[in-house]
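Novice: Here you go, one structure.
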Amino acid sequence: MEFPIKHNIYTYSDYLKLEDGERVELIEGNFVAMSPSPSRIHQKIITEISRVIGNFIKEKNLECEVYVAPFDVRLIDKDETEENCKNVVQPDISVICDKSKLDDKGLKGAPDFIIEVVSPSNASIDYVKKLYLYEKFKVKEYWIVNPISKNIFVYKLDEKGQYSEPEKYTIEDTIKVNIFKELEINIAKLIK
């Protein structure tokens, strides 16, 4: 993959110069290639979970929206402008309850809830780099769903604004969504 500009730290301005169709994220100023074509089960999990969340939001008449990748989430540090921010990610599922953060380019700021479905080629990105990034930018709830090992890690911000030890589940478990009091998700039932 060729990048339009060569330097040590890339920004959102560089990201915008990429050719259409190049699937990358920008994490801490570095371009990270995304899987070109996720597996069928990866896509089914994303589709079914986003459908359940979307239906719940609509049924409860909540002021939230759910988006699936590709959907740009620009995470901007206090000392950055939008153009020079060094973090642009495309979470598999993003739930946003502050609509003022939404614009035609995607989201400017952190979603309330993110779900990443692990692909074998980028597992360390979800388990390490994005975990750090989502905690840093105060994503209230972060799920890592691994369809191969059939487990789910659920991270929630504590009162200090940090992720504590993850809650660990299997794909067969029914999991309560922390940001919504009445929503529970059982992935195994959704993908049967």
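Novice: Mind listing whichever residues of the range 50-95 are under 25 Å from Ile27 (Cβ atoms), among the small types (Gly, Ala, Ser) and assigned to a helix (DSSP H, G or I)? Show your work before the answer.
Specialist: Applying the first criterion (under 25 Å from Ile27 (Cβ atoms)) to the range 50-95 yields 50, 53, 65-95.
Filter once more, keeping what is among the small types (Gly, Ala, Ser): 50, 69, 94.
Residue satisfying the conditions is Ser50 alone.
Novice: Then there is this: Inspect the range 116-132 for any residue being crowded, with 19+ Cβ neighbours inside 10 Å and polar (S, T, N, Q) and give the result as yes or no.
Specialist: yes
Novice: Pairs please, first residue from the range 98-122 and within 26 Å of Pro38 (Cβ to Cβ), second anywhere and open to solvent by less than 10 Å² (accessible area, probe 1.4 Å) and among the polar types (S, T, N, Q), Cβ atoms under 8 Å, 6+ apart in sequence or on different chains.
Specialist: So the pair list comes out as Leu107/Ser94; Pro111/Ser94; Phe113/Ser94; Ile114/Ser94.
Novice: When the range 31-49 is examined, which residues are found to be of a type outside the set (Gly, Ala, Ser) and either open to solvent by 80 Å² or more (accessible area, probe 1.4 Å) or assigned to a helix (DSSP H, G or I) (or both)?
Specialist: Across the range 31-49, the qualifying residues are Pro36, Arg40, Ile41, His42, Gln43, Lys44, Ile45, Ile46, Thr47, Glu48, Ile49.
Novice: If I ask for residues that are more than 21 Å from Lys176 (Cα to Cα) and within 12 Å of the chain's Cα centre (by Cα), which ones from the range 88-108 would you list?
Specialist: Passing the criteria: Val88, Val89, Gln90, Leu107.
Novice: Also, quick follow-up: Within the range 124-156, can you find the residues that are of a type in the set (A, V, I, L, M) and either more than 21 Å from Cys85 (Cβ to Cβ) or in contact with a helix residue (DSSP H, G or I) (Cβ under 7 Å, 6 or more places away or on another chain) (or both)?
Specialist: So the first thing to find is which residues in the range 124-156 are of a type in the set (A, V, I, L, M), and the list is 125, 128, 131, 133, 139, 144-145, 148, 152, 154.
Once the filter is applied, which keeps residues that are of a type in the set (A, V, I, L, M) and either more than 21 Å from Cys85 (Cβ to Cβ) or in contact with a helix residue (DSSP H, G or I) (Cβ under 7 Å, 6 or more places away or on another chain) (or both), the range 124-156 yields Ile144, Val145, Ile148, Ile152, Val154.
Novice: Residues in the range 169-191: is at least one modelled with pLDDT of 95 or more, in a loop (DSSP other than H, G, I, E, B) and more than 19 Å from Ile53 (Cα to Cα)?
Specialist: Looking through the range 169-191, none of the residues is modelled with pLDDT of 95 or more, in a loop (DSSP other than H, G, I, E, B) and more than 19 Å from Ile53 (Cα to Cα).
Novice: Also, I was wondering about something else. Which of the residues that make up the range 136-168 are outside any strand (DSSP E or B), farther than 20 Å from Arg40 by Cα and in contact with a strand residue (DSSP E or B) (Cβ under 7 Å, 6 or more places away or on another chain)?
Specialist: Within the range 136-168, Lys138, Val139, Lys140, Pro166 qualify.
Novice: Can you pull out the residues in the range 96-115 that are acidic (Asp, Glu) and either surrounded by 22 or more Cβ atoms within 10 Å (Cβ to Cβ) or in a loop (DSSP other than H, G, I, E, B) (or both)?
Specialist: Correct list: Asp98, Asp104, Asp112.
Novice: So which of Lys189, Lys181, Lys176 is open to solvent by 50 Å² or more (accessible area, probe 1.4 Å), out of contact with any helix residue (DSSP H, G or I) (no Cβ under 6 Å at 6 or more places or on another chain) and closer than 14 Å to Ile115 by Cα?
Specialist: Selected residue: Lys176, the only one of Lys189, Lys181, Lys176 that is open to solvent by 50 Å² or more (accessible area, probe 1.4 Å), out of contact with any helix residue (DSSP H, G or I) (no Cβ under 6 Å at 6 or more places or on another chain) and closer than 14 Å to Ile115 by Cα.
Novice: Which of the following residues is out of contact with any Asp or Glu (no Cβ under 6 Å at 6 or more places or on another chain) and more than 22 Å from Tyr10 (Cα to Cα): Glu63, Glu83?
Specialist: None of the other options fit; the residue is Glu63.
The values are calculated or read from the model by the stated rules, or taken from the named source; none is laboratory data. Just so it is clear, the model here is predicted, and its values are computed rather than measured. When we count neighbours, we look across all protein chains shown, and the Cβ atoms used for this are built from the backbone with ideal geometry, even at glycine. Keep in mind that these areas ignore ligands, DNA and RNA; they rest on the heavy atoms of the full protein, side chains included. Shrake-Rupley method; radii C 1.70, N 1.55, O 1.52, S 1.80 Å.
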